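Novice: I am attaching a structure below and will ask some questions about it afterwards.
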Amino acid sequence: MEVLRCFLALTLDEHARAQMEQVQGQLADRGVRVRWESNDKVHVTVRFLGDTTEKRRSDLEAALSPWASGSAPMDLVFNALGAFPSSERPRVIWAGAFPTDILMACGQEVEELCRSAGFPAELRPFHPHCTLARVRERDDVHALTKAIERITFDPILVRASELVLMRSVLLPGGSQYRARASFPLNRSRSIP
């Protein structure tokens with residue numbers, strides 16, 4: 001039985017990834033010492049699955065397919081920088097997406113589908129964001145915090161039109177992501 005480390009993600013188009021790279025450049029210009037997330041890995045994790053068996057993946061894929069075909073593409077607007085777990089103790093620097101009702105409903109619906117496929121409940125609330133960097137050294141946290149607070153950027157707009165089941169392979173130089181399945185969001189959105 002093949003066990004893979006997986007997550008579900010909304011991917012960004014090339015233009016949006018290039019804009020995220022410009023935000024990373026602003027941080028780099030301020031001398032922030034971090035490990036940058038590569039451009040091709042920038043995404044929004046909707047649900048981390050962890051180690052998953054083939055059976056559980058298959059059950060989840062069977063549930064996601066009809067859900068996705070009945071869901072409309074959604075617009076994501078990235079408009080803020082922040083850090084996890086907090087700006088006082090940054091370990092991850094992120095660009096956050098505005099939590100629209102549609103985006104948050106997507107997170108909740110995907111969570112329910114994951115539970116129905118046998119995954120344990122996610123204890124952390126859904127916080128839509130893209131990881132830009134991981135903090136390596138904490139010798140100048142104050143400067144890093146100030147950089148995060150002071151950098152501004154024009155909102156980055158992305159049309160999310162598919163949910164992707166990604167495999168995460170942990171390697172000595174960092175993780176690599178590989179798409180395992182794609183679930184296009186096909187429903188046309190009616191205009192009131």
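Novice: With each label point set 7 Å from Cα along the Cα-Cβ vector, what nm distance links L171 and N79?
Specialist: Here the answer is 3.8 nm between the modelled labels.
Novice: Quick one: which residues, 5+ away or cross-chain, put their amide H under 5 Å from the amide H of V46? H built at 1.01 Å from N.
Specialist: Here L8, A9, L10 satisfy the definition.
Novice: Further question on the same structure: Can you work out ³J(HN,Hα) from phi for every residue in the stretch 99-105, in order, using Karplus 6.51 cos²θ - 1.76 cosθ + 1.60 and θ = phi - 60°, giving whole Hz and x for Gly and Pro?
Specialist: So the J values, rounded to whole Hz, are x, 5, 4, 5, 5, 5, 5.
Novice: In what order do L49, L185, L157 fall by count of nearby beta-carbon atoms within 10 Å, going from fewest to most?
Specialist: L157, L185, L49
Novice: Across the stretch 155-161, in residue order, what do the Karplus-derived ³J(HN,Hα) couplings come to in whole Hz, using 6.51 cos²θ - 1.76 cosθ + 1.60 with θ = phi - 60° and x for Gly and Pro?
Specialist: x, 9, 9, 9, 9, 8, 10
Novice: As I understand it, the dipole of the chain uses +1 on the Cβ of Lys and Arg and -1 on the Cβ of Asp and Glu, about the Cα centre. Which of S86, P155, F126 lies farthest toward its positive end?
Specialist: Checking the options against the dipole of the chain, the answer is S86.
Novice: Taking neighbour Cβ counts within 10 Å as the exposure measure, how do V158, V77 sort from fewest upward?
Specialist: V77, V158
Novice: Also, quick follow-up: How do F78, F7 line up, fewest other C-beta atoms within 10 Å first? Intermediate results must be reported in sequence, preceding the final value.
Specialist: Values: F78 25, F7 18.
Ascending number of Cβ neighbours within 10 Å: F7, F78.
Novice: For L185, which sequence-distant residues (separation of 5 or more, or a different chain) have an amide H within less than 5 Å of its own amide H, given hydrogens modelled in the peptide plane?
Specialist: Placed amide hydrogens put E162, L163 under 5 Å from L185.
Novice: So how far apart, in nm, are the two label points at R187 and E54 if each is 7 Å from Cα heading toward Cβ?
Specialist: It is 3.3 nm.
Novice: How large is ³J(HN,Hα), in whole Hz, for each residue of the stretch 30-38 in order, when computed from phi with the Karplus curve 6.51 cos²θ - 1.76 cosθ + 1.60 and θ = phi - 60°, using x for Gly and Pro?
Specialist: Result, ordered by residue: 8, x, 5, 9, 9, 9, 6, 6, 5 Hz.
Novice: How high is the FRET efficiency from E137 to Q22, r the C-beta distance, R0 25 Å, rounded to 0.05?
Specialist: 0.55
Novice: Which longest run of the chain has no exposed loop site in it, a site being GluC sites (Glu not before Pro) in a DSSP loop with at most 13 other beta carbons within 10 Å, and the site itself not part of the run?
Specialist: 3-87
Novice: Restricting attention to the stretch 70-136, which trypsin sites (Lys or Arg not before Pro) occupy a DSSP loop and are surrounded by at most 13 other Cβ atoms within 10 Å?
Specialist: Counting only loop positions with at most 13 other Cβ atoms within 10 Å, the trypsin sites (Lys or Arg not before Pro) in the stretch 70-136 are R136.
Novice: Right, something else. Say the dipole of the stretch 13-75 comes from +1 at the beta carbon of Lys and Arg and -1 at that of Asp and Glu; which of Q22, W67, G50 then lies farthest toward its positive end?
Specialist: Going by the Cα projections, it comes out as G50.
Every number here is computed from the coordinates shown, using simple stated rules; none is lab data. Predicted model only: the values in this text are computed from it and were never measured. We place every Cβ from the backbone using ideal geometry, glycine too, and count neighbours over all the protein chains shown.
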